[in-house]
Structure formats: C-alpha cells, structure tokens
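The values are calculated or read from the model by the stated rules, or taken from the named source; none is laboratory data. Note that this is a predicted model, so its numbers are computed, not measured. Cβ atoms come from the backbone with ideal geometry, glycine included; neighbour counts cover every protein chain shown. Side chains included, ligands, DNA and RNA excluded: accessible areas come from the protein's heavy atoms. Shrake-Rupley method; radii C 1.70, N 1.55, O 1.52, S 1.80 Å.
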Amino acid sequence: MGYRLAMLSAVLVAAAGATLPTSPVSAAGDAATAAAGRAGQVRVSSEVFLPRAPGSTLDCPEPGPAENPRAAVGGYDTFRLESDDADTKAFRYGFDGGPDPDRTVPVVGGVALIRSWQAQRSGWHALSVLAVDGAGQATGSATCTFPVSSRRSVAEWAMNEGAGAAQIADARARLPLRVAAGAIPGAPGPKCAVSGCPTSRAVGLTGVRDSYLAGPPADSINGAESFSVSAWAWRDDVPGARSLLSVDGARGSQFWLGASAGKWVFAVRDSDASDAAATTVASAADAAARRWVHLAAVFDRYRGTVQLFVDGRAEPAVSRAAPGWGAAGAVQVGRRKLDDGYGETWTGLVSEAALYDRVLVAPEVEALSVRPATRQGYWQLNHTHGGDGEQVSPEQRGGVPMALGGAARVVDAASAGVTPLVGTGFLGSLDGRDGYAFVEKSPIDTSDSFTVAARVRLSAEGCGKGEPMAVLSQAGVRRAAFEVRCRWEADDDAGRWEVVLTGGDAVAARELTVLSAVLLSTDRDGEHLAAVVDTASRTVRLYADGRAIGAATMPADFAPWNAVAGLQVGRSRVVGGRFGHYLRGEVDDIRVYRGAADPATVARMADSYEQPDL
C-alpha cells in the first residue's frame, strides 16, 4: 500500500515496506516504513488558511500546476491526521526534515491536528509524520512533499521616476500615485552609489501641506484581513508625529506607518469611528535621523497582533483585540487623514513602498531590508599630482582625492625596485612618526552601515610593542568613529589586527573592540584587511585576506556616530584630540563603501590585482 497526502477525502495508508509516490522535486517518501511491521491506515489532509480564502485546500502530492500551488508564504496551514488503528495515540511530525521528537500531537477520537504551520519560504516543502502507539513505539511513517508559492505585493512603487514626474507608477499597474506640487521626485535612493543614479531613486517630502503622494480611492488592501506594508524611509531631524504611509478611511486613516515621539511607529485604528482608538507598536530604539532605514509592518489577523520591523529586526508584537476593518480610501504617502483633514506630513525621503494582502514573514522582511554595499571611494595609489605643496593621489572615478602628509609618498614599485602590493604603486614612507594620508571629506557616514578595506604591509619591525598602529580610521574632533589597527598582545608575544568603534566624539566615549582570532601574518606580500559595520544587524566583522577573523554584536545601547573630520590612512584621532597611532609600513588599494559588504564581496576585494569595477 502507498502513502498520499491529498484533500480532505484522501487517505494516507501506512504499511510495512510501503513507498511514497515521488514529487517532481523530492523523493523524501522513499524512506517510509512501518517499524512495527503491521498494517495501518492514516488519513492526512490539509486545510490552508490564506488571507483571501480561508477555506481553500492544499493537494499533495498532486497539487495541480506547479506554477499555481495552493499554499502561500504568510498563510497558516492546519494539517489533519487520522488513523484507523485504535492503538495510535499520537503523531510525531516535522517539516522539511524527519519527525521531531519534540513535536507531537495527540490523537483524540482517531484525529490529530497540526495547527498554524506557516511557510517561511516559497518552493517545495516536506511534511513527515510518525504514528506512535500506546507503548511509545513507531507503527508507521510517511513523508509528503508539496509546493508553496510566494504571493507578490498588491501594489508596489519603486519611485525611480526622475525630477518633474507627475505620477509614480505602480509595478502592479493598479494604483499610480499622483505627485503633489510640493513633492520632489528624482532624489538619490537608498541603494544609490552616486547622486542622480537611475537605479535607486526616492521622492523628497518637505513637510508642507502640498508635499505628498496620493493614489486613487480603491480597495488596496482588506484591513479586515491580514496585511503588511513596507518602505525605505529617510527622516529629517524634525520634531512631532510624521506619517510616511497610510490608507484613508472615511473618518481617519485605517493605519499609518511613520515616526512619533522620537520612535518609529505602526498604528492600526480599531474602527472607522471618529473617536476610535488605535493599536500601536513603537520601536524600542530612537528613530534614526538623516539616514536610510527600512520599515515594515504587519497586521496578523490570525494571531491578533500588530508588529513592526526596523532594518529587518522585529520589534515585540502587540496584541490587538479589535477585529480588522476594511477601508476603500486612497493610499497616502507623506501624510495621514485626521478628523479635521490631512496632517502629520513627512519631512525627508521615501522609496520602494509596497502593500501586501498577507503577512510578510521575517525572512522576507530581512531580504527587503538588505541594502547592497555601494562604493564611495577607491584610491589605487599608483601616482600623485600637485606642485611643490600638497601631493594628492586621485580617486578612481574622479571623486575626492587622497592627500599625502608628512613623510608619506606614493612609491612606484618598479622604479624603487621593490615588490608592489596591488598595481604599480603604493603609499609608502609611513614611518610611524608623521607619515599619513587623508581624504578631507569622507564619503561615508559612520553612523550608518559601511565597509572599509585596504592592503597593508607592515615594516620589518611588525606591529611593535608600543602603542597601536592605525591602518584606517575616520576622525571626529576628539576621537575616531572607527579605527582598523594592529596591537601588540603581551600574552601572545605577537600582534593582532583589531577594529575599534567608539560610541561618540567624547574623551570618555565607550569603545567596542573586535579582536582578531588569529595572529598577524608575516607574509611580506602584505595582508588585505576589511572591516564591515552593519547597523541593521548591529554587527561588526573583521576580515583578513578575505576570511572572517573576528566579529562582535553591538550592545543595545551602543550608538555609532558620524565623524566628519575625514578618512585617515596611517594614523588616528586618539584620546584628547591629537593624532597618533602612526603606522610603520605601506598601504594600497584603499576602498570605502556605503553599506555592509557581504562575505563574497569582501573575498573578491582581497584578490591581489586592481578591480576598478568592484
């Protein structure tokens, strides 16, 4: 006899030596056996609760067309298991793996229910069940595979229109947004490497009455069911409540996403009455100003909760007792509807907004919040130009050049008869006393995610037993926001690389240190270093030659800050405001990125040849 997981009337039969039918993707059922060696019947069915169709069903392993599976990410599935063997007392089960001993459902009246399973990804999934008798012995098992789809947004606005656009297109071609007179399309977006790039744009909103985007009246989402919203937000540092995204009801907004009292907030009104209360969730941390932040919010009708995500991290959900209610009003970007008209206008930027008629699950929110690292500066250090005064080495794309100070100079490796680091030249004569280089206006904001990298070759003395030696740093007035450096470890009688972040531009500012897990390399070809600061995941990672050598998580009360006195090479601003920690060695191929580079990108940076397109 075989096994099937199908609709409510289907039968899953368990018998010794039986084999499951094979799906196009998985042959997981081939291992089905009956440990006790006696035949039994197990009925399995699946009732799938989706936002729009709570009575729909899931077929498995015969789901119909592969491009139109019945279950969807963000929905809740309840699986019904039945056995005709009176001695079956429970089922152990597991999804996408074997039956889990810690996951057991009792059989009552011959029936067991696996409730509220929620797929976290699209594609094929597997349900494995194991029937257990009164003695705790397995009497039969089965595995069934089934597909899960990912339903896209019901409305989505990339906001890539240029300056002067009168309308913002909806990717679903349902709800275009009208650009009011005070809104400014064409601003650089969250994934833009340079001003004016066409691939990531935003709309500027100035906080005045006519600075907003508005859609036509429409049933954009059914607020009586589960729904989600998301957007990239840039908040100017202005006080008061500010609404980024909302949908009109008759007497107020059905929901709004924005900032209030210095926190990110998502609120869902309990009804469309004028005096209706709202269920509100607020961020634990302050709402960051003057940088891009990804916001997502979810009303989960099934669980009765309202939840907010900030840069992919979930805030604690808030229970909502009131049922949802539908609104057929317009989508508003940059304001919300109040009893006496529109208000709480947004001041800042908005990009990539979307509405969903379902729950967004955590992996989806995390993927939406990823901002690729975009290069802001690359100094190859092959040559310099300038007169008798300051010598500078150009930035590869014509950005701010790197100026040389003290004894520092760019060395042509061939002319000097020395081994190059990357390319034909490098920054040399860093003598540990006054040799350095700097970029007067750093292109990265150190209060946000960033990546810095360089290849370094220490002098023959190595790290030395004196004070630390800085490779890269970014200076404030009294401290450096970060410093990538080597430090002598007396216990090891050797040096280690480390990256140090400070929590402010004060003498007594808190420090967060990531120390290398390995000792300094003695390779005279140099070593590639990279530091990645990710404010979304609140992690700091240190790499050497493309391999992770250290990591740390920022404490909840640790806040990176933006140092504005420039990128420093071969020195750092130390306690008291003076420059120190001068490097003895050579540096080359210096890169800075806005955003957190992924490990694969860091590994590419470590290749020992110039990569101007990376």
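With only Lys, Arg, Asp and Glu charged, each at its Cβ (+1 for the first two, -1 for the last two), find how big the charge dipole of the chain is about the Cα centre; round to the nearest 20 debye.
860
How far apart, in nm, are the 7 Å Cα→Cβ label points at residue 86 and residue 506?
For the pair residue 86/residue 506, the computed spacing is 7.6 nm.
At a Förster distance of 35 Å, what's the computed FRET efficiency of residue 607 paired with residue 385, Cβ-Cβ distance as r, to 0.05?
0.80
Send over the Kirkwood Rh of the range 158-231, from the inverse of the averaged 1/r over different Cα pairs, rounded to one decimal Å. Before the final figure, lay out each step's value.
Numbers: mean 1/r = 0.0742 Å⁻¹.
Value: 13.5 Å, from the Cα pair sum.
Just the number, please: carbon plus sulfur as a percent of the accessible area of the range 158-238, 1.4 Å probe, no ligands or DNA/RNA counted.
Numbers: 1790 of 3280 Å².
Carbon-and-sulfur percentage of accessible area, whole number: 54.
Please work out how much length the chain gains when fully extended from residue 208 to residue 461, using 0.36 nm per residue of separation minus the C-alpha to C-alpha distance, in nm with one decimal.
Going from the current span to full extension adds 84.9 nm.
What is the Cα centroid distance between the range 398-470 and the range 569-614, reported in whole angstrom?
The range 398-470 and the range 569-614 have Cα centres spaced 8 Å from each other.
Using unit Cβ charges (K, R positive; D, E negative) and no other charged atoms, how large, in debye to the nearest 20, is the dipole of the range 297-397 about its Cα centre?
460
Quick one: 3J(HN,Hα) in Hz for the range 583-594, Karplus 6.51/-1.76/1.60 with θ = phi - 60°, rounded, Gly and Pro as x.
8, 10, x, 9, 9, 8, 6, 8, 10, 9, 10, 7
Hey, which aspartates and glutamates would be in cross-link range of residue 89, C-alpha to C-alpha under 20 Å, not counting anything within fewer than 8 residues on its own chain?
100, 102, 133
Report the label-to-label distance for residue 274 and residue 441 in nanometres (one decimal), using points 7 Å from each Cα along the Cα→Cβ vector.
For residue 274 paired with residue 441, the spin-label model returns 5.3 nm.
Quick one: net charge of residue 278's neighbours, Cβ under 10 Å, K/R +1, D/E -1?
+1
What is the gain in length, in nm to one decimal, between residue 219 and residue 100 on full extension, counting 0.36 nm per residue of separation less the C-alpha to C-alpha distance?
Roughly 38.6 nm would be gained on extension.
What's the percent breakdown of Cα-Cα distances in the range 394-485 across 5 Å bins, shortest bin first?
2, 10, 19, 25, 22, 13, 6, 2, 0
How large is the charge dipole for the range 99-153, taken about the Cα centre, if only the Cβ atoms of Lys, Arg (+1) and Asp, Glu (-1) carry charge, to the nearest 20 debye?
Dipole of the range 99-153, to the nearest 20 debye: 440 debye.
For an R0 of 51 angstrom, estimate the FRET efficiency from the Cβ-Cβ distance between residue 559 and residue 120 and round to the nearest 0.05.
For residue 559 and residue 120, the calculated efficiency is 0.95.
Per residue of the chain, what 222 nm ellipticity follows from adding -39500 (n - 2.57) for every DSSP H run with n ≥ 4, rounded to the nearest 500?
Mean residue ellipticity at 222 nm (helix-derived): -500 deg cm²/dmol.
Out of every Cα pair in the range 569-614, what percent are spaced more than 16 Å from each other?
Numbers: 591 of 1035 pairs.
Considering the range 569-614, 57 percent of its Cα-Cα pairs are separated by more than 16 Å.
What do you get for GluC sites (Glu not before Pro) in the range 454-512 restricted to DSSP loop and a cutoff of at most 12 other Cβ within 10 Å of the site's Cβ?
Those that pass, being in a loop and sparsely packed, are 461.
Take the Cβ-Cβ distance between residue 181 and residue 251 as r, set R0 to 30 Å, and report the resulting FRET efficiency rounded to the nearest 0.05.
The value I calculate is 0.70.
Give, in nm to one decimal, the length gained when the segment between residue 548 and residue 167 is fully stretched (0.36 nm per residue of separation minus the Cα-Cα distance).
Full extension from residue 548 to residue 167 adds 132.6 nm.
What list of ³J(HN,Hα) couplings, whole Hz, do you get for the range 240-251 from phi and the Karplus terms 6.51, -1.76, 1.60, once you set θ to phi - 60° and write x for glycine and proline?
Here the 3J(HN,Hα) series is x, 6, 9, 9, 8, 8, 7, 10, 6, x, 6, 10 Hz.
Quick one: what does P(r) look like for the range 167-325 with 5 Å bins over all Cα pairs, in whole %?
Calculated over all Cα pairs of the range 167-325, the distribution is 2, 8, 16, 20, 21, 18, 10, 3, 1, 0 percent.
Zone of residue 396 (label point 7 Å along Cα→Cβ, backbone N under 11 Å): which residues in the range 524-553?
none
For the range 276-350, which trypsin sites (Lys or Arg not before Pro) are in a loop by DSSP, counting at most 15 other Cβ atoms within 10 Å?
Hits after loop and neighbour filter: 290.
Which entries of 191/263; 263/337; 263/441 show an alpha-carbon separation above 27 angstrom in the structure shown? Could you put the intermediate results ahead of the total?
Working: 191/263 24 Å; 263/337 20 Å; 263/441 31 Å.
Long pairs (Cα-Cα over 27 Å): 263/441.
Please list 3J(HN,Hα) in residue order for the range 471-485, calculated via the Karplus relation 6.51 cos²θ - 1.76 cosθ + 1.60 where θ = phi - 60°; whole Hz, with x for glycine and proline.
Values per residue, Gly and Pro as x: 8, 9, 7, 10, 8, x, 7, 10, 9, 9, 5, 8, 8, 9, 8 Hz.
Shape of the chain from its Cα gyration tensor (a ≥ b ≥ c, root eigenvalues): rounded if a/c is under 1.5, otherwise prolate when a/b > b/c, or oblate?
Oblate, because a/c is 1.5 or more while a/b does not exceed b/c.
Given 326, 435, 473, which one lies farthest toward the positive end of the charge dipole of the chain, if we put +1 on the Cβ of every Lys and Arg and -1 on the Cβ of every Asp and Glu?
Selected residue: 326.
Using modelled amide H (1.01 Å from N, peptide plane; none on Pro or chain starts), what sits under 5 Å from the amide H of residue 253, excluding residues fewer than 5 places away?
Residues meeting the amide H criterion: 337.
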